[in-house]
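The values are calculated or read from the model by the stated rules, or taken from the named source; none is laboratory data. Keep in mind the model is a prediction, meaning the values are calculated, not measured. For neighbour counting, all protein chains shown are included, and Cβ atoms are generated from backbone atoms with ideal geometry for every residue, glycine included. All accessible areas refer to the heavy atoms of the entire protein, side chains included, with ligands and DNA or RNA removed. Shrake-Rupley method; radii C 1.70, N 1.55, O 1.52, S 1.80 Å.
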Amino acid sequence: MKRTGTKRILLASGALLGIGALFTAAAYNDTANLNLGSGTSSSGIGYPNRFDIGIVLPDNTVEQADTASGFDWTIAGSDQLVPGSSITTTIPVFNNTPDLRAAVDFKVLLRNTDGSVGPGVPNITRFLRFTASRNGTALFSDVTWNAASGTLGTLAARGSTALAEGAVYTNGAAGSSTPLILKISYLDVPGVEAYNGGRSALRLRFNASSVH
C-alpha cells in the first residue's frame, strides 16, 4: 500500500516593491479498502446463520411459533376438561441452529391478561394445576400457572442445515431435540360448581439463548 502524502508549493508574484503571494496546493492521494469478514466480497462480521428453535407438529412438520399471535397447539380432550380430570400433551422442541447450542426454558402465560376467554364465560384459571416432565424427569408438579416454569436444559446444535417453516422434520444431531410433557389438571374443590361451563385461555412460551 502506498503512503498518502501531500506536497505544498509556494508561488510568489509581484514586483520587488509590492508584496503578494499566491498559495496553491497539489496532493497525491491513495486509498486502500479492506472488506472485513470471512474472506468473500459479500461477507461481513457476525454470525451468518439464524439462531432458532422450533417445535414439531403432529403431522411431522416444522413450526416456528415466533409471531406475537403464536401458534394454536391443539390438546386432545381440552374441550372435555371437567373438575377432577386432566389432559396431557407432548410437545417436541428442537434446536434448529446448525452449529450453536441452545439453552431453552419455558413458562405458562395467561392470554387476555387474566386467562379469560371472553365475556360471560367463567374463568377457571384459578382451579388449574400444571405438571411438566422431560425424559422421565419431573420439572414441576401440581403448581399454579404462575409457578409453571422450567428449563429443558441445553440442546445440542442441530449439526446440519436448518429446517424451513413447514418443512418435514428430520432428526438433527443427538441431543438437539427433546419432548416436553405438559399435564393440566382441573381441581374438584368446593366452589368450583359456580364455574360450570368455564374455560381458561393459556399459552406456553419457550425462550432460548445461544451457547457457544
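Based on the mean of other beta carbon atoms within 10 Å per residue, what is the order of 109-118, 176-185, most packed first?
The densest-packed peptide leads the list: 176-185, 109-118.
So what's the projected area for the stretch 122-188, the Cα convex hull averaged over all directions, in nm²?
Taking a quarter of the hull surface, the average projection is 6.7 nm².
In the neighborhood of Val82, defined by Cβ-to-Cβ distances under 14 Å, what is the net charge if each Lys or Arg adds +1 and each Asp or Glu adds -1?
-2
Work through the residues other than Asp105 whose Cβ is under 13 Å from its Cβ and net out their charges, Lys, Arg +1 and Asp, Glu -1.
+3
Specify, per residue and in Å³, the volume enclosed by the convex hull of the alpha carbon atoms belonging to the stretch 41-172.
Convex hull of Cα atoms, per residue: 158 Å³.
Please find, in a Gaussian network model of the chain (springs between Cα atoms separated by less than 10 Å), the residue of Val104, Val56, Val168 whose mean-square fluctuation is greatest.
So, out of Val104, Val56, Val168, the one fluctuating most is Val168.
What order do you get for 36-43, 190-197 when each peptide is scored by the mean count of other beta carbon atoms within 10 Å, highest first?
190-197, 36-43
What full-extension length gain, to one decimal in nm, is calculated for Thr90 and Ala174 as 0.36 nm per residue of separation minus the Cα-Cα distance?
Difference between extended and current length: 28.3 nm.
Just need the Rg to Rh number for the stretch 80-158, please, alpha carbons only, Kirkwood Rh.
1.06
In the stretch 63-212, carbon and sulfur make up what percent of the accessible area (probe 1.4 Å)?
About 50 percent, which is the carbon plus sulfur part of the accessible surface.
Sort 152-160, 47-55, 63-71 by packing, meaning the average of other beta carbons within 10 Å per residue, with the highest value first.
Going by the mean number of other Cβ atoms within 10 Å, highest first, we get 152-160, 47-55, 63-71.
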